[in-house]
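Have a look at the structure below, then the notes.
The values are calculated or read from the model by the stated rules, or taken from the named source; none is laboratory data. Computed from a prediction, not measured in an experiment: that's the story for all the values here. Neighbour counts are summed over all protein chains in view; Cβ atoms, including those assigned to glycine, are modelled from backbone coordinates with ideal geometry. In case anyone asks, the SASA skips ligands and DNA or RNA and just uses the protein heavy atoms, side chains included. Shrake-Rupley method; radii C 1.70, N 1.55, O 1.52, S 1.80 Å.
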Amino acid sequence: MSDRITQLREDFDRELAAVASDTEAGSLRDRWVGRKSGLLTAEMKTLGKLSPEERKTAGAKLNELKNSVEVAIDGLLGSFAAKREAEQLAKERIDVTLPGRRIQAGHLHPITLLRQKIEDIFVSMGYEIEDGPEIETHFYNFDALNIPENHPARSPQDTFYLTEHLALRSQTSTMQIHAMQKRQPPLRVAAPGRVFRRDTPDATHNPMFYQVEGLLIDRGITLGDLKGTVEEFVRRLFGLETRTRFRPSYFPFVEPGAEIDYTCFKCGGGGCRVCKGSGWIEMGGSGMVHPNVLRVVGIDPEEFSGFAFGLGLDRLCALMYGLDDIRLLYENDVRFLEQFS
Ligand code: FA5
C-alpha cells in the first residue's frame, strides 16, 4: 500500500504541474478528491480489505495525501488569483508624476481687446458708451444725417440692403441720432460697433468692419476741442510716438469736415505698400456736427454746437498689434487668434 501511495503522489504532482487555469484546477480536484468519483475517495474505500494494522497506517497516509492534494490545489488557485491581480494592477497603473493635460483656455478676439481699451479711454474722458442697431431705416442711415437723395452712399452698390427700407448700417454715425434722441445736451457718447459696406477686401478693407463713433455736444464747442480730443485719444491708445493729421474733407453730416490720418503701422511714416507710399493711414472722419443734424433731433444750433468723429477699429487694431493685413482678423485661424490676451 505504501508503494501505491507513493505512486499516487507522484501521479498527482505530475498532473498538478500541467494545470494552467482555474477550470483545470477544478477538474483536477474532482478527479482526485471528488466525493463521488475521486481517485483518493475510491482508494479510501479499498481500505476495508486490509488488516486492521495495515488499515491504520495506510489510512493515515491516504488522509495525509488527500490533505496535501487539497492544499496544493488551493495553493495553485491562490497563485493564479495573485498573478491575475498583479497583471490587473500593472495594466491599471497610474503614473501620478506625469504632467496633467493642458486645458485650452479661450482668448478674447483682438478687436474685442481693442474695443475694451477704447471704451476705457472714452469712459476716462467722461463719455458714456452706447450700443445700437446694426439694421437701420433710411431715416437713421441717411435722412437724419443730412445725406442728400442722390448721394452714392444710398446706392445698393455701396450699402447692403435687406429690404427697400432697411439696410445694414454702413457707419456708426447712425448712433449720433440715437444718442441725441435719448439725451439732452450737454452730452458725450462713444458708440463702438460693426458696420457693413460693399467694399472689395484688401489689406486695409473688409466688407464687415468695426468703427467707434464719438459725439460731444455742448455750448461753445470748437474745432480745437475736436482736434485736442482725437489727439488725446490716440496718445492714450498708442503712446506719444504716433502722429495724427487732419485733412479737410466732406461728410454731409458735419461742417467743416476733416479726415484724420495717423502714421502708417507698417512703415512708421516712411512710405510702403500698405500706405501706398504716403506714410499715412486713414483712421476716420470727423467734423463739427451740421446744424441740420442738430435740428432733426430738436437741438438748437444757435445755442449748442458739437463735434463728431468715426474711427475704423480694424486699422487701429493693425497698428496696435503690428498686423500688415486686417483680413487676418476675420479668418478665424486659431494659431493667429491665440496670440492675443
Ligand atoms: C465714416 O464712416 C464717417 N461716418 C466718419 C465720420 C464720423 C465723419 C463723424 C464725420 C463725423 P469713412 O467712410 O471715411 O467715414 O470711414 C471711417 C473709417 O472707417 C476709415 O477711415 C477707415 O479707418 C475705416 N474703414 C472704412 N472702410 C473700411 C473697410 N472697408 N474696412 C475697414 N475699415 C474701413
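Overview of results
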| item | result |
| --- | --- |
| Residue that is nearest to Val293 (Cα to Cα) [pool: residues in region 161-176 that are within 12 Å of the ligand (Cβ to nearest atom) and not small (Gly, Ala, Ser)] | Gln176 |
| Failed item, numbered, when Ser68 is tested on (1) open to solvent by 50 Å² or more (accessible area, probe 1.4 Å); (2) in a helix (DSSP H, G or I) | (1) |
| Any hit, region 194-209, residues being in the same structural domain as Ala144 (by TED's automatic domain parsing) and more than 12 Å from the ligand (Cβ to nearest atom) | no |
| Lone qualifier among Ile217, Ile135, Ile177 - being open to solvent by 20 Å² or more (accessible area, probe 1.4 Å), in contact (Cβ under 8 Å) with a residue 24 or more places away in the chain and of a type in the set (Val, Ile, Thr) | Ile135 |
| Any hit, region 262-272, residues being of a type outside the set (Val, Ile, Thr), near the ligand (Cβ under 10 Å from one of its atoms) and in contact (Cβ under 8 Å) with a residue 12 or more places away in the chain | yes |
| Selection count where residues are open to solvent by less than 30 Å² (accessible area, probe 1.4 Å), within 15 Å of the ligand (Cβ to nearest atom) and not in a strand (DSSP E or B), scope region 298-318 | 5 |
| Residues of region 135-160 classified as of a type in the set (A, V, I, L, M, F, W, C), more than 14 Å from Val293 (Cβ to Cβ) and at pLDDT 95 or above, total | 2 |
| Leading residue by the ranking (least open to solvent (accessible area, probe 1.4 Å)) among those in region 248-277 that are among the aromatic types (Phe, Trp, Tyr) and either at pLDDT 95 or above or not in a loop (DSSP other than H, G, I, E, B) (or both) | Tyr262 |
